[in-house]
Amino acid sequence: MANYMTLNDGNRIPLVALGTSRIPAEKIEGCVKIALDMGYRHIDTAFHYGNERTIGKALREYMENSNLKREDVYITTKLDSCYMEENAVVPALDESLRRLDLEYVDLFLIHGPYALQTLHHFPEKSPLVSEFMPVDLRETWKGMEATVLNGKARSIGVSNFNSKQLEYICETARIQPAVNQVEVHARFPQKKLHDFCKSRNIQLEAYCPLGSPFFKGSGLVNAIQSSDNLVEHPIIAKFAEKYRRTPGQILLRNIVQRGIFVIPKSETPRRIKENIQIFSFSLSEEDMKKIDELDNGVRRFKLSHYDGHPNYPFHTDF
């Protein structure tokens with residue numbers, strides 16, 4: 001199985017990215033450099049994470065001291081909810097590019113469909129919640145299209161969108177969304193949304209692919225915390241023993257084998273290395289079905305601080 005996928009715009013994307021959300025600031029630079037050493041060629045960040053400057057520094061220093069070129073590394077960043085008005089989109093990407101010290105990003109995503117009051121400045125990290133603001137998602141998408149037309153983004157897509165919101169954008173889009181980045185793991189495999197995206201030639205991308213077993217943040221963000229740890233589930237442990245792999249590798253291989261690319265987050269060098277070593281084995285069809293049975297339909301990242309916004313996406317099935 002190839003370790004990359006071709007998107008609907010013809011651009012290729014690596015199947016495994018280093019997720020950088022919630023990695024402590026003092027560890028980001030080291031994690032990026034370790035990941036590149038381990039063979040990662042996709043780094044996922046966002047304005048909201050407040051780490052674009054550090055990632056840009058790590059990339060610049062790594063490329064200066066290696067044979068790696070800009071075109072060898074795939075960079076994803078995201079439009080913050082505070083810049084969803086059409087005329088705010090390009091300036092927001094310009095700021096991300098300044099912080100990353102790049103001329104373009106490979107993939108630019110709308111971080112979520114819930115717009116907040118537009119900021120007319122760029123803080124180091126945007127507020128988690130501010131005043132809700134109704135913004136037509138088609139207008140935001142026009143701004144996203146402008147980033148492709150001006151050469152500052154190679155591909156564009158969305159994150160945390162449901163099928164109705166995707167359909168709404170697609171009906172008038174000049175450039176179709178290439179990616180929808182959402183929560184996907186064995187407990188919440190998103191099969192209906194995956195089928196919908198496949199029918200529109202939109203690629204699904206999985207955040208939280210291990211079920212976020214060690215999440216220590218707010219319950220407003222993740223309602224499950226670590227009470228249901230997929231990495232320690234007996235079925236996953238049994239397959240780890242059978243295939244002589246780690247539980248994390250089993251969980252990631254399951255998602256990639258479904259045709260979904262993954263962005264596992266880790267700040268531990270051993271796990272960073274293990275998370276990309278999933279291309280030398282395959283799960284049997286029978287074992288894939290056994291993992292399917294772990295589906296309990298429970299979303300972990302409910303982002304309930306946005307509940308009540310007119311574009312809150314999680315009140316529908318998919």
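The values are calculated or read from the model by the stated rules, or taken from the named source; none is laboratory data. Not measured: the values here are computed from a predicted model. No Cβ is skipped: glycine too gets one built from the backbone with ideal geometry, and neighbour counts run over all protein chains shown. Please note that ligands, DNA and RNA were not included when accessible areas were found on the heavy atoms of the full protein model with its side chains. Shrake-Rupley method; radii C 1.70, N 1.55, O 1.52, S 1.80 Å.
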message = Given the criteria charged (D, E, K, R), within 24 Å of LEU210 (Cβ to Cβ) and in a helix (DSSP H, G or I), does LYS27 qualify?
response = yes
inquiry  = With within 25 Å of GLU52 (Cα to Cα), at pLDDT 95 or above and not in a loop (DSSP other than H, G, I, E, B) as the only criterion, which of GLY143, GLY151 stands out?
reply    = GLY143
inquiry  = Taking the conditions exactly as written (over 21 Å from ASP136 (Cβ atoms) and at pLDDT 95 or above), does LEU93 satisfy them or not?
reply    = no
request  = Only one of these is at pLDDT 95 or above and surrounded by fewer than 20 Cβ atoms within 10 Å (Cβ to Cβ): GLY259, GLY219, GLY248. Name it.
outcome  = GLY259
ask   = Can you tell me how many residues in segment 45-104 are outside any loop (DSSP other than H, G, I, E, B), among the basic types (Lys, Arg) and without any contact (Cβ under 8 Å) to a residue 12 or more places away in the chain?
value = 1
request  = Examine segment 121-140 for a residue that is open to solvent by 10 Å² or more (accessible area, probe 1.4 Å), within 25 Å of ASP72 (Cβ to Cβ) and in a loop (DSSP other than H, G, I, E, B), and state whether such a residue exists.
outcome  = no
Top-ranked residue in segment 101-120 [being among the aliphatic types (A, V, I, L, M) and in contact with a strand residue (DSSP E or B) (Cβ under 9 Å, 6 or more places away or on another chain); ranked as surrounded by the most Cβ atoms within 10 Å (Cβ to Cβ)] = ILE110
